[in-house]
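Since the structure comes first, as structure tokens, the remarks are kept for the end.
Only the coordinates and a few stated rules stand behind these numbers; no lab work does. Computed from a predicted structure; not experimentally measured. Methodologically, a virtual Cβ is constructed for each residue, glycine included, from the backbone with ideal geometry; neighbour enumeration extends over all protein chains shown.
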Amino acid sequence: MNQWWQWQGGTPAISEGFAVIGVGRFGSAVCMELLRFGAEVLAIDASQRAIDELRQQAPSIEARVVDCTDEEALRAAGVLDVATVVVAISEPIEASITATLIVKDGQGSRVRQVIARATSDLHEKMLRRVGADKVVFPSKMQGTRLGMELVRPNLLERLRLDDRNSIEEIKVPNAFVGQSLRDLNLRKNFNVSVLAAGPENRLRVNPPASQILQAKELLVVMGTSEALESLPSN
């Protein structure tokens, strides 16, 4: 599989490490997939609960409770010493903008690339003005996205990573209901990776192969556009 962290505008080396600021559903999925490929990941969040939940999924991950708007705290945590930072928080907007500015332009920062999550066009504009190299929209509705949803009604969210690869949140297709991830073997049969699965409010990141998929549950999958579009659409 292609290494999805080879973002447009640069190809950071795994050995140089990554930091993910904000480990909610989106940020934790990023962390887990990077870890899957053996990358060094530093996870940051202001919430002890969020950090604890991430550690339950990845006990060995380096994760710290840090105020992402505090430059000295981020520096002390080592965030400014990695090559690539993903600012995965989206709200409050001021926090994501401040964190982006700090990691990009903080004194002595070694960060070469910042990927930030936005929730609106204005948010995107502000993130770019403070130095974000790439801005992603996990929830943005676009014309092409709407057209895709009309032909793929189980598609809920789509995060475009580059010209070929995306992360999608979909409703479990009818054909998958009652089957385990091991039986489905989506990596082999569809060339996609499962990042998370389960009920909407209790998604399990990096689910075990034994997990049985149920109706009305969600799947978060990653792959090329062609591979993702080959999944059943109902």
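Which lysines does Lys171 reach when only Cα atoms under 27 Å apart count, and residues fewer than 8 places away in its own chain are ignored?
Hits, sequence-local ones excluded: Lys140, Lys188, Lys216.
If you restrict to DSSP beta bridges whose two residues both lie in the chain, what percentage is antiparallel, to the nearest 5?
50 percent
I need the per residue convex hull volume for the range 84-234, using only the alpha carbons, in cubic angstrom as a whole number. Walk me through the numbers before you get to the answer.
Details: hull volume 18.7 nm³, N = 151.
Cα-based convex hull of the range 84-234, divided per residue, equals 124 Å³.
When the chain is fully extended, how far beyond the present Cα-Cα distance does Arg128 get from Asp70, taking 0.36 nm per residue of separation?
Length gained, Arg128 through Asp70: 18.9 nm.
Within 10 Å, count the other beta carbons around each residue, average over each peptide in 45-56, 157-168, and list them highest first.
Highest mean packing first, the order is 157-168, 45-56.
Quick check for me: using +1 on Lys/Arg Cβ and -1 on Asp/Glu Cβ, what's the dipole size of the chain about its Cα centre, in debye to the nearest 20?
The dipole magnitude comes to about 500 debye.
For Lys104, list the aspartates and glutamates whose Cα falls under 17 Å from its own Cα; do not include residues on the same chain fewer than 8 positions away.
Glu16, Asp67, Asp70, Glu71, Glu72, Asp81, Glu94, Glu124, Asp133
Which distance in nm do the two modelled labels at Ile93 and Ile212 give, with both placed 7 Å along the Cα-to-Cβ direction?
Reported label-point gap for Ile93 and Ile212 is 4.6 nm.
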